[in-house]
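The values are calculated or read from the model by the stated rules, or taken from the named source; none is laboratory data. From a predicted model like this one, the values you see are computed outputs, not experimental measurements. FYI the Cβ positions are ideal-geometry reconstructions off the backbone, even for glycines, and counts take in every protein chain you see. Only protein heavy atoms, including side chains, enter the accessible area calculation; ligands, DNA and RNA are left aside. Shrake-Rupley method; radii C 1.70, N 1.55, O 1.52, S 1.80 Å.
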Amino acid sequence: MAYESVNPFDGKSVKTFVELTNEQLEVKIARAASCYETWKKMSYAQRAVIVAKAAELMHDNVDKFAKHATVEMGKLINEARGEVDFSANILAYYAKNSERFLAPVKLHPTHGEAHMESSPIGVIFGVEPWNFPYYQLARVAGPHLMAGNTLLVKHAGCVPQCAIEFEKLWKDAGAPDGLYTNLLISHEQSDKVIDDPRIKGVALTGSVAAGRSISARAGTNLKVSSMELGGSDAFIVLEDADLEKTIPWAVWGRMYNAGQTCCASKRFIVVEEIADQFLAKFKTALEALKPGDPMDETTTHGPLSTESALVDLLKQVDAAVAKGAKVALGGKRIDRAGSFMEATILTDVKPDNPAFRDEFFGPVAMFFRVKDEAAAIALANDSDFGLGGSVFTKDVARGRRVASQVETGMMFINNIDWSDAELPFGGIKDSGYGRELGNMGIQEFVNKKLVRIHDMAAPLV
Ligand code: NAP
């Protein structure tokens, strides 16, 4: 079943959903295209009424939204509540700031006058992952709807209830028919949507494999796209780091959302002088986590999103070990019902081990010891990914110096990758292209039009 809610805490199927027929899909595309014709003419203030209302409804119904996420993909209930709140904040942020972000910009040509206008481009197609089943949707809905576009969204197969709940949010907020549409569709149908001439842009958040397929399809159709893909972020610990502060961030950086975050800390790169101490403390802190029901607020270690995610991750760990990695902690399934993986630390992952270049999408940390700051930077950059990264040091000037030399889209000093509505989010290399959030996020799917006023006689030919 392509769209099915299965609770990863107990493996029980909650609800199944049928995919759209091609005829039903056509009706939805047509509605989105027709809605665009009126929505694009609305003022920012008119659009903001609906987007701000959606934000308010999310804020007012945090528990209702959060419970769907916990049931469908095992997110700890307090993390799910945090995600819903943050998603609402993103919508409110764009309701408030979009007119300013997209205001005409005056240019200064040598002759005459000129300015840039930002106008909507049409129906945008979003393909989104399950790991933040609302936040990922809010990151596209807030900016692109406020810009005057309309949205069709294909959400991941394992979170259909979250997808449907988010679509209902827009109806409840008073959105016109076709403004925001959830599509329960197959990959083949998704390709057809990208090919459809009524679709003007494609936004994906997902794996590198999906990025290659979807960006190629968009490229063939000469459609603008943004790709938010995987990551293997470095967590650099310099010898002057304050370990009392650093260790809790290491645990949070790797274990938040059961480790299933694109910008989670995945490679722990620690300077030799402090490495043994860091490893011992990191192990102790991970061992203290308490697996249990993600609906229970005292649980600190939830299940993975699906059984297949767990099976794949266990295989990845076994393959890493077969090629020489050592298990310093965990490495196995937790002996209980549900799709739980032990918090795991792998050491001795050498560059010739395929794991060295892999993304571990779950609670598996790779630990590396390095000689000094320069070696830490070199190792951080020896990655196909380039999403985010962190550096921990008591010397902020040193932190800035390291941050400048790490080749990623985002760097954080004495913190893990911490998103805010105001700050652009995205990566380089295999982590994709384009940015979401902040002012940059709303600029991805607008027409930047030059208008020049230059009243002069035409030159004689
Ligand atoms: P995934 O398999 O790529 O799935 C993501 C979405 O893409 C789902 O809706 C999936 O649909 C769809 N999809 C996959 N292949 C497709 C295709 N060929 N055609 C059309 N749709 C397709 O990714 P995942 O494993 O679920 O999610 C985790 C990945 O996302 C990780 O690599 C993570 O790092 C990345 N991620 C990146 C960011 C970021 O902002 N950079 C944020 C979160 C996650 P189905 O579910 O129906 O297959």
(message) Just to be sure before I move on: is residue 320 within 16 Å of the ligand (Cβ to nearest atom), buried (at least 16 other Cβ atoms within 10 Å of the Cβ) and free of Cβ contacts under 8 Å to residues at least 40 places away in the same chain in the structure I sent?
(response) no
(message) Under 6 Å between Cβ atoms, which residue pairs at least 6 apart in sequence (or on different chains) link something in the stretch 274-288 that is in the same structural domain as residue 341 (by TED's automatic domain parsing) with a partner that is assigned to a loop (DSSP other than H, G, I, E, B) and of a type outside the set (D, E, K, R)?
(response) 286/343
(message) Return the residues of the stretch 130-151 that are over 18 Å from the mean Cα position of the chain (by Cα) and either open to solvent by 10 Å² or more (accessible area, probe 1.4 Å) or of a type outside the set (Gly, Ala, Ser) (or both); say none if nothing qualifies.
(response) 145, 146, 149, 150
(message) Condition (residue is modelled with pLDDT of 95 or more, under 22 Å from residue 132 (Cα atoms), in contact with a strand residue (DSSP E or B) (Cβ under 9 Å, 6 or more places away or on another chain) and within 16 Å of the ligand (Cβ to nearest atom)) applied to the stretch 270-292: is it met by at least one residue?
(response) no
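A quick yes/no check of all residues on (1) surrounded by 20 or more Cβ atoms within 10 Å (Cβ to Cβ); (2) in contact with a Ser or Thr (Cβ under 9 Å, 6 or more places away or on another chain); (3) of a type in the set (S, T, N, Q); (4) outside any strand (DSSP E or B):
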{"site": "270", "(1), (2), (3), (4)": "yes, no, no, no"}
{"site": "278", "(1), (2), (3), (4)": "yes, yes, no, yes"}
{"site": "283", "(1), (2), (3), (4)": "no, no, no, yes"}
{"site": "293", "(1), (2), (3), (4)": "no, yes, no, yes"}
{"site": "304", "(1), (2), (3), (4)": "yes, yes, no, yes"}
{"site": "349", "(1), (2), (3), (4)": "yes, no, no, yes"}
{"site": "359", "(1), (2), (3), (4)": "yes, yes, no, yes"}
{"site": "362", "(1), (2), (3), (4)": "yes, yes, no, yes"}
{"site": "376", "(1), (2), (3), (4)": "yes, no, no, yes"}
(message) So, residue 410, is that one of a type outside the set (D, E, K, R) and open to solvent by 30 Å² or more (accessible area, probe 1.4 Å) or not?
(response) no
(request) State all residues of the stretch 159-195 that are in contact with an Asp or Glu (Cβ under 9 Å, 6 or more places away or on another chain) and farther than 24 Å from residue 91 by Cα; if no residue qualifies, say none. (result) 185, 186, 189
(message) Looking only at the stretch 135-156, how many residues end up being away from the ligand (no atom under 12 Å from the Cβ) and under 16 Å from residue 441 (Cβ atoms)?
(response) 11
(request) Please report, ordered by residue number, the strands (runs of 3 or more DSSP E) entirely within the stretch 12-129 with at least 2 residues that are crowded, with 22+ Cβ neighbours inside 10 Å and in contact with a Gly (Cβ under 9 Å, 6 or more places away or on another chain). (result) 123-127
(request) Pairs only if they're at least six apart or on different chains, beta carbon under 9 angstrom, first in the stretch 388-399 and surrounded by 13 or more Cβ atoms within 10 Å (Cβ to Cβ), second assigned to a helix (DSSP H, G or I) and among the polar types (S, T, N, Q); list them, first residue then second. (result) 392/246
(request) Could you list, in sequence order, all residues of the stretch 176-205 that are more than 9 Å from the ligand (Cβ to nearest atom) and of a type in the set (Asp, Glu)? (result) 177, 195, 196
(message) Every residue in the stretch 157-187 that is of a type in the set (A, V, I, L, M) and surrounded by 19 or more Cβ atoms within 10 Å (Cβ to Cβ), please.
(response) 159, 163, 169, 173, 175, 179, 183, 184, 185
(request) Just give me the residues in the stretch 340-362 being over 13 Å from residue 286 (Cβ atoms), touching a strand residue (DSSP E or B) at 6+ places or on another chain (Cβ under 7 Å) and away from the ligand (no atom under 16 Å from the Cβ), in sequence order. (result) 340, 347, 348, 349
(request) Would you check which residues across the stretch 306-330 are over 18 Å from residue 74 (Cβ atoms) and part of a helix (DSSP H, G or I) and list them? (result) 315, 316, 317, 318, 319, 320, 321, 322
(message) For the stretch 133-218, give me every one of the strands (runs of 3 or more DSSP E) that falls completely inside it and has 2 or more residues that are touching a strand residue (DSSP E or B) at 6+ places or on another chain (Cβ under 9 Å) and closer than 23 Å to residue 425 by Cα.
(response) 150-154, 199-205
(request) Restrict the check to the stretch 243-263 and report whether at least one residue is of a type in the set (Ser, Thr, Tyr), in a helix (DSSP H, G or I) and more than 11 Å from the ligand (Cβ to nearest atom). (result) yes
